[in-house]
Amino acid sequence: MKRQPTSVMPWSLAVVLLFFPESVAWGYRPFVSTDAAVADVREMEIELGYFNLERDRGNNTFIIPKAVLNYGLIHNLELVGEFAVEEPRHGSARLADPALSLKAILKEGFLQEKSGVSFAVEAGPLLPSTTKEENRFGFEGTGILSGKLSALTYHVNFGGGVDRAKNNPFVVWGVIGEIPIRPKLRLVGEVNGESARSKSADNSALVGFIWESPLPGVFIDAGVRRGISRAAADWTLTTGLTFSFSLATAAHN
């Protein structure tokens, strides 16, 4: 299972790019938080984490794959689906963090090529995972603000909901910063966290990059995340890519 993504994924990506005309994607891995933008109407954007390694107190967990699918329903509204497959060093693979949500732009701004900040909301159910501790439905809603200060692009997230474990209320937050260092290369960082009732806060920080590859609309990312609270994993290494294609154009081919 660990080797499958490295052998199958490049061929799958090549097939997709051959049969579906590409379109520009913002390239929004490797963050936990998100931006105030949505996919165009009938556009499918796929954010794929093809290698993620989490190290916590000497134990390694592989998360392969970790995927987010964004589909543009109507103008300024998209459907978001996400899931991950975790494989601990000792134990069988399990489905982790499945969720569905709707993301809507409430105020168009610089991400929509308008003046001012962009503002969006994302909300939806947290689906049961295959672990006994998280086998219930939950819910999460988040407000998202994206803006620009000189060369710095920033995204601020704040929200909350109830978890899959015991329907405990929780709060989530995150701040992303991006600075271009070359025409197609961005240095990125994120600080984010989650706090739930009767649980320790899970806070971490990430440093990484996003590179726009020579293939149109394909972005490659990598990052290192460090836990900054007791409940967070010590270290996480993540690599992935983002690409998109228009289902409307493909339907006419």
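The values are calculated or read from the model by the stated rules, or taken from the named source; none is laboratory data. The structure presented is a predicted model; accordingly, all values stated were derived computationally and were not measured. Cβ: placed from backbone, ideal geometry, glycine included. Neighbour counts: every protein chain shown.
The set of residues in segment 214-234 being in a strand (DSSP E or B), touching a Gly at 6+ places or on another chain (Cβ under 6 Å) and surrounded by fewer than 19 Cβ atoms within 10 Å (Cβ to Cβ) consists of 222 alone. Between 173, 211, the distinction of being in a strand (DSSP E or B), over 15 Å from the mean Cα position of the chain (by Cα) and at pLDDT 95 or above belongs to 211 only. Of all residues in segment 131-163, exactly one satisfies the criterion of being β-branched (Val, Ile, Thr) and at pLDDT below 95, namely 131.
Any chance segment 188-198 includes a residue that's in a strand (DSSP E or B), charged (D, E, K, R), within 17 Å of the chain's Cα centre (by Cα) and at pLDDT 95 or above?
yes
Being over 16 Å from residue 85 (Cα atoms), at pLDDT 85 or above and either in a loop (DSSP other than H, G, I, E, B) or of a type in the set (D, E, K, R) (or both) is a description that does not apply to residue 25.
Within segment 179-226, the set of residues being closer than 22 Å to residue 244 by Cβ and of a type in the set (S, T, N, Q) comprises just one member, 213. The set of residues in segment 129-144 that are within 11 Å of residue 167 (Cα to Cα) and either polar (S, T, N, Q) or touching a helix residue (DSSP H, G or I) at 6+ places or on another chain (Cβ under 7 Å) (or both) contains only 135.
Listed here are the residues, each with its yes/no results for (1) touching a Gly at 6+ places or on another chain (Cβ under 6 Å); (2) within 18 Å of residue 68 (Cβ to Cβ).
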site: 104; (1), (2): no, yes
site: 107; (1), (2): no, no
site: 113; (1), (2): no, no
site: 118; (1), (2): yes, no
site: 133; (1), (2): no, no
site: 137; (1), (2): no, no
site: 140; (1), (2): yes, yes
site: 144; (1), (2): no, yes
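All of 247, 206, 237 fail the test of being surrounded by fewer than 18 Cβ atoms within 10 Å (Cβ to Cβ) and under 30 Å from residue 170 (Cβ atoms), apart from 237.
Matching residues to (1) without any contact (Cβ under 8 Å) to a residue 40 or more places away in the chain; (2) under 25 Å from residue 207 (Cβ atoms):
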site	(1), (2)
34	no, yes
37	no, yes
45	no, yes
57	no, yes
106	yes, no
112	no, no
